[in-house]
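These notes concern the structure reproduced below.
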Amino acid sequence: MKPATQDAARTHRMAFVVMALLFIGAPLVGVYPVFMMKVMCFALFACAFNLLLGFGGLLSFGHAMFLGSAGYVTAHAAKVWGLTPELSIAVGTLCAAALGWVVGKLAIRRQGIYLTMITLALAQMVFFFALQAPFTGGEDGIQAVPRGKLFGLIDLSSTNAMYAFVLAIFLGGFLLIYRIIHSPYGQVLKAIRENEPRTISLGYDADKFKHRAFVLSAALAGLAGGTKSLVFQLASLTDVHWSMSGEVVLMTLVGGLGTIFGPVLGAAVMVTMQNYLAELGAWVTVVQGGIFVVCVLLFRRGIVGEIGHLLKKSL
């Protein structure tokens, strides 16, 4: 391993330990656990989206369909089918992955803005399905979702147990994304992002790699959505609405597109604004837009991207 690679890996390990300690210690210093669980769910969602856009160069403006569909399936599996929480989330994740397989097959036939509009159109179809389907509860959603017992043993109605469960899912999902990025597959994906014709000339099937990225990103977004539905014991239309797809774009760009830890910070910033500026009502959206404009003008690489550039470290 080259010295530069070793230095980058060491930096990533240190940053990961700091991030994990912050999430572990936050409830111990008085931060509301449910708020932190929401941050972790959206952080995983943003990281999944960053895998597709930041490292694959594919802009999906319909990623909320994976988050929301998995949330509905997980909630239905837990409440109606009576499955344990880990099985409910697994079913929701598999559903999101299957949806990602279909959407990816259709979307990668086009590039640029056309790919983006295809994902938006398909996401709107999923939204109206969720609005009309009998098992989704319409505008009321699926409420009073039981958290159940993890592996039939650990009661997740306990906030501490649920927090540990969500933390394990987030850290596991984050490490999986990190491994994908630094695998040979991830290197080819980045090559396609930089110069697709040249990558094809080297013998790689670009469409196959992009399709796999869609499925992986959808599955991880579904993992976040399924976990979120158990945290809040609710699956609603909010998570499949087009505005949620816009929010994950903001999270990724504010934190740092194409960085490893940027989406986590971006999600934390956006969720914090939503929670602590809620008394402003509709003006929260205006404030978010203002912050986004400032970040685009002053922090072209995102917050984490700029920090990494100043420190000359890959974050």
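Some observations on this one:
- Of all residues making up segment 257-285, the number that are modelled with pLDDT under 80 and at negative phi: 9
- Only one of the numbered conditions (1) surrounded by 15 or more Cβ atoms within 10 Å (Cβ to Cβ); (2) in contact (Cβ under 8 Å) with a residue 40 or more places away in the chain is not met by Met273, and that is (2).
- Every pair of residues 6+ apart whose Cβ atoms lie under 6 Å, when the first sits in segment 194-209 and is over 15 Å from Arg109 (Cα atoms) and modelled with pLDDT under 90 while the second is part of a loop (DSSP other than H, G, I, E, B) and hydrophobic (A, V, I, L, M, F, W, C): none
- Residues being assigned to a loop (DSSP other than H, G, I, E, B), at pLDDT 80 or above and either surrounded by fewer than 15 Cβ atoms within 10 Å (Cβ to Cβ) or more than 21 Å from the chain's Cα centre (by Cα) (or both) - total across segment 286-315: 0
- Matching residues, segment 219-277, being part of a helix (DSSP H, G or I) and aromatic (Phe, Trp, Tyr): Trp242, Tyr276
- The residue list Ala70, Ala77 contains one member that is part of a helix (DSSP H, G or I), buried (at least 17 other Cβ atoms within 10 Å of the Cβ) and over 17 Å from the mean Cα position of the chain (by Cα), which is Ala77.
- Residues of segment 149-175 classified as exposed (fewer than 14 other Cβ atoms within 10 Å of the Cβ), of a type in the set (A, V, I, L, M) and under 19 Å from the mean Cα position of the chain (by Cα), total: 2
- Residue that is within 22 Å of Phe66 (Cα to Cα) and either of a type in the set (A, V, I, L, M, F, W, C) or under 21 Å from the mean Cα position of the chain (by Cα) (or both), where the choices are Ala235, Ala206, Ala282: Ala235
- Taken over segment 132-148, residues that are loosely packed, with under 11 Cβ neighbours inside 10 Å and in a helix (DSSP H, G or I) amount to 4.
The values are calculated or read from the model by the stated rules, or taken from the named source; none is laboratory data. Model, not experiment: these values are computed from the prediction. Cβ: placed from backbone, ideal geometry, glycine included. Neighbour counts: every protein chain shown.
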